[in-house]
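Q: Next up is a structure, given as structure tokens.
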4 protein chains.
Amino acid sequence: MVAILAATAAVTVPFQDCDPMGVTWHGNYLRYFEEARRALFTQIDYGYQQMQQSGYAWPIIDLKIRYPHPTTVDQQLLVKAELLEWQHRLRIRYQVHDADTGKRLVKGETVQVAVAIANGEMCLQSPAILQQKLAPWLD
Amino acid sequence: MVAILAATAAVTVPFQDCDPMGVTWHGNYLRYFEEARRALFTQIDYGYQQMQQSGYAWPIIDLKIRYPHPTTVDQQLLVKAELLEWQHRLRIRYQVHDADTGKRLVKGETVQVAVAIANGEMCLQSPAILQQKLAPWLD
Amino acid sequence: MVAILAATAAVTVPFQDCDPMGVTWHGNYLRYFEEARRALFTQIDYGYQQMQQSGYAWPIIDLKIRYPHPTTVDQQLLVKAELLEWQHRLRIRYQVHDADTGKRLVKGETVQVAVAIANGEMCLQSPAILQQKLAPWLD
Amino acid sequence: MVAILAATAAVTVPFQDCDPMGVTWHGNYLRYFEEARRALFTQIDYGYQQMQQSGYAWPIIDLKIRYPHPTTVDQQLLVKAELLEWQHRLRIRYQVHDADTGKRLVKGETVQVAVAIANGEMCLQSPAILQQKLAPWLD
């Protein structure tokens with residue numbers, strides 16, 4: 001599937017993200033995905049503040065990760081986020097590669113939907129603001 | 001699918017687990033799953049120390065979560081873990097319910113495989129120690 | 001110094017709170033202090049929701065911790081919080097003991113001040129609501 | 001006090017580090033201090049792997065933080081770590097500044113001691129390896 005938009009964040013695995021087995025605890029990759037997602041949304045000028053001002057929150061409602069290879073303290077990672085769908089929900093794919101070797105280590109996917117902050121209701125379609133922000137990438 | 005073994009952990013959502021939208025950040029549910037998984041393994045006397053002594057680590061290699069309903073600060077949750085498979089990998093299902101209303105809020109699944117600590121190699125079958133620990137539940 | 005009010009939370013050290021040296025990462029004790037602080041405020045019916053409804057936030061502005069002894073995965077801890085001052089600021093002392101041996105492992109202190117949510121201004125005195133909540137303990 | 005060595009890490013406050021009051025939860029600054037400390041130790045080629053290979057762990061035994069100003073999602077911070085003492089213990093001072101305005105927001109201090117990994121014993125003096133690593137900065 002072709003990505004509409006992509007962004008990459010560089011992450012160096014922090015000491016405290018690794019567990020007693022010496023590898024990154026699985027839940028911490030969601031922090032790294034968050035970094036990549038921030039880079040993605042910054043690119044379309046729709047970061048956390050802009051989302052709030054637009055009246056929408058975008059909670060994650062679905063999540064999948066595969067961890068074929070562990071990572072460890074001080075390892076340098078590149079975390080790529082790619083926007084795959086946006087019309088009814090935001091579907092984003094993540095790939096974590098070792099920055100030195102280029103080897104792919106982890107991959108994942110999240111689904112987010114718009115929720116109107118005013119009444120807490122989930123939107124069945126992504127609000128107009130998202131299409132405006134994405135317009136330059138949609139031709 | 002019938003669970004071989006089940007355990008439930010009570011979790012009260014900590015303040016710092018909630019994000020600026022006032023709801024539990026999606027990554028923190030993995031902390032709650034970890035609580036339920038600990039309860040599950042404690043039940044068969046195969047907790048973290050016993051795993052280490054047995055020479056195996058059990059990293060998570062696959063993870064899925066659905067978040068149909070948000071949770072918030074001080075909400076009381078019951079997190080149930082159910083062991084669904086064990087012979088080649090550990091497959092565990094999680095369900096998070098509100099402790100008061102009983103409403104199901106979040107569900108998930110993890111897959112773990114045994115890795116021999118001595119050489120870092122993944123086991124194609126679960127080691128004998130697991131079967132011994134599970135024996136009373138396998139009739 | 002005599003404590004006005006005290007509460008204790010039981011904490012079992014989670015796997016992911018421990019670092020590659022096999023001990024609890026120093027920052028995670030603040031999670032355990034948070035548990036004890038919640039127990040303390042629950043006792044006077046002034047938990048997070050009551051604070052918000054009263055119009056005040058209580059950010060931590062000062063923090064000290066001493067870590068004479070490490071803790072590790074699955075260790076059972078008792079975390080005691082004691083309220084030492086309340087009139088101009090909340091000063092709380094923490095002591096972490098091993099639940100089995102009773103040995104003291106970690107101690108700390110936090111200072112919080114009231115901030116009016118409406119205008120973000122710091123209060124030079126604790127608001128009246130706090131005195132009301134504490135009244136039964138102040139004779 | 002003049003610092004022997006200094007390093008600065010750039011940190012953008014992650015969404016999940018902020019709490020329901022919209023500000024960075026106090027415990028998360030320890031993650032930012034960890035970033036600055038990593039930068040400091042990398043500078044003398046004595047990072048986590050080098051520490052382990054040298055046979056020493058360097059747990060934090062004492063910690064102080066002052067939080068005069070809150071920070072929020074996506075705020076860009078500069079976190080400076082300065083080594084103040086090293087002969088018997090590592091004493092490091094931290095200062096968090098807003099990257100745009102230069103305003104100082106948070107400051108702290110940690111104390112670490114060397115512990116021999118082989119026997120778990122605390123060293124009354126910093127081991128020779130540290131002096132070697134620091135030599136170029138000690139004239």
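The values are calculated or read from the model by the stated rules, or taken from the named source; none is laboratory data. These figures come from a predicted structure and were not determined experimentally. Because the Cβ atoms are built from the backbone with ideal geometry, glycine has one as well, and the counts that use them run over all protein chains shown.
Q: Let me confirm something: among B:V115, B:V73, which residue is of a type in the set (V, I, T) and closer than 30 Å to C:A39 by Cα? Working first, answer last.
A: On the way: B:V115 fails: closer than 30 Å to C:A39 by Cα.
Matching residue, one of B:V115, B:V73: B:V73.
Matching residues to (1) touching an Asp or Glu at 6+ places or on another chain (Cβ under 9 Å); (2) more than 27 Å from D:L105 (Cβ to Cβ):
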residue	(1), (2)
C:M1	yes, yes
C:A7	yes, yes
C:A10	yes, yes
C:T42	yes, yes
C:Y56	no, no
C:K64	yes, no
C:T72	no, yes
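Q: Same structure, new question: Given the options D:Q112, D:Q95, D:Q76, name the one that is touching a Ser or Thr at 6+ places or on another chain (Cβ under 6 Å) and either polar (S, T, N, Q) or modelled with pLDDT under 95 (or both). Break it down into steps so the answer makes sense when it comes.
A: Numbers: D:Q112 fails: touching a Ser or Thr at 6+ places or on another chain (Cβ under 6 Å); D:Q95 fails: touching a Ser or Thr at 6+ places or on another chain (Cβ under 6 Å).
Going through D:Q112, D:Q95, D:Q76 in turn, just one is touching a Ser or Thr at 6+ places or on another chain (Cβ under 6 Å) and either polar (S, T, N, Q) or modelled with pLDDT under 95 (or both): D:Q76.
Q: Out of the residues in segment A:50-59 meeting the condition of being out of contact with any Leu (no Cβ under 9 Å at 6 or more places or on another chain) and either at the interface with chain B (Cβ under 10 Å from one of its Cβ atoms) or not in a loop (DSSP other than H, G, I, E, B) (or both), tell me which one is farthest from A:K103 (Cα to Cα).
A: Filtering segment A:50-59 down to residues out of contact with any Leu (no Cβ under 9 Å at 6 or more places or on another chain) leaves A:50-53, A:55, A:57, A:59.
Then keep just the ones that are either at the interface with chain B (Cβ under 10 Å from one of its Cβ atoms) or not in a loop (DSSP other than H, G, I, E, B) (or both); that gives A:50-53, A:57, A:59.
Details: A:Q50: 35, A:M51: 34, A:Q52: 37, A:Q53: 39, A:A57: 34, A:P59: 30 Å.
Step by step, filter segment A:50-59, then rank; the result is A:Q53.
Q: Now for a different question. Would you check which residues across segment D:65-118 are in a strand (DSSP E or B) and among the polar types (S, T, N, Q) and list them?
A: The first filter runs over segment D:65-118 and keeps only residues in a strand (DSSP E or B), leaving D:65-66, D:76-85, D:90-98, D:104-112, D:115-116.
Passing the criteria: D:Q76, D:Q95, D:T110, D:Q112.
Q: Consider D:E121 against the criteria (1) loosely packed, with under 15 Cβ neighbours inside 10 Å; (2) within 22 Å of D:Y29 (Cα to Cα): it satisfies all of them except one. Which criterion is unmet?
A: Of (1) loosely packed, with under 15 Cβ neighbours inside 10 Å; (2) within 22 Å of D:Y29 (Cα to Cα), only one is false for D:E121: (2).
Q: Based on what the data block shows, is C:L83 touching a residue at least 12 places away in the same chain (Cβ under 8 Å), closer than 24 Å to C:S54 by Cβ and surrounded by 18 or more Cβ atoms within 10 Å (Cβ to Cβ)?
A: Details: touching a residue at least 12 places away in the same chain (Cβ under 8 Å): yes; closer than 24 Å to C:S54 by Cβ: yes; surrounded by 18 or more Cβ atoms within 10 Å (Cβ to Cβ): yes.
Against the criterion (touching a residue at least 12 places away in the same chain (Cβ under 8 Å), closer than 24 Å to C:S54 by Cβ and surrounded by 18 or more Cβ atoms within 10 Å (Cβ to Cβ)), C:L83 qualifies.
Q: Another question about this same structure. Can you name every residue in segment D:36-49 that is within 14 Å of chain C (Cβ to nearest Cβ) and either surrounded by 21 or more Cβ atoms within 10 Å (Cβ to Cβ) or without any contact (Cβ under 8 Å) to a residue 24 or more places away in the chain (or both)?
A: Residues of segment D:36-49 that are within 14 Å of chain C (Cβ to nearest Cβ), as a first pass: D:36-38, D:47-49.
Result: D:A36, D:R37, D:G47, D:Y48, D:Q49.
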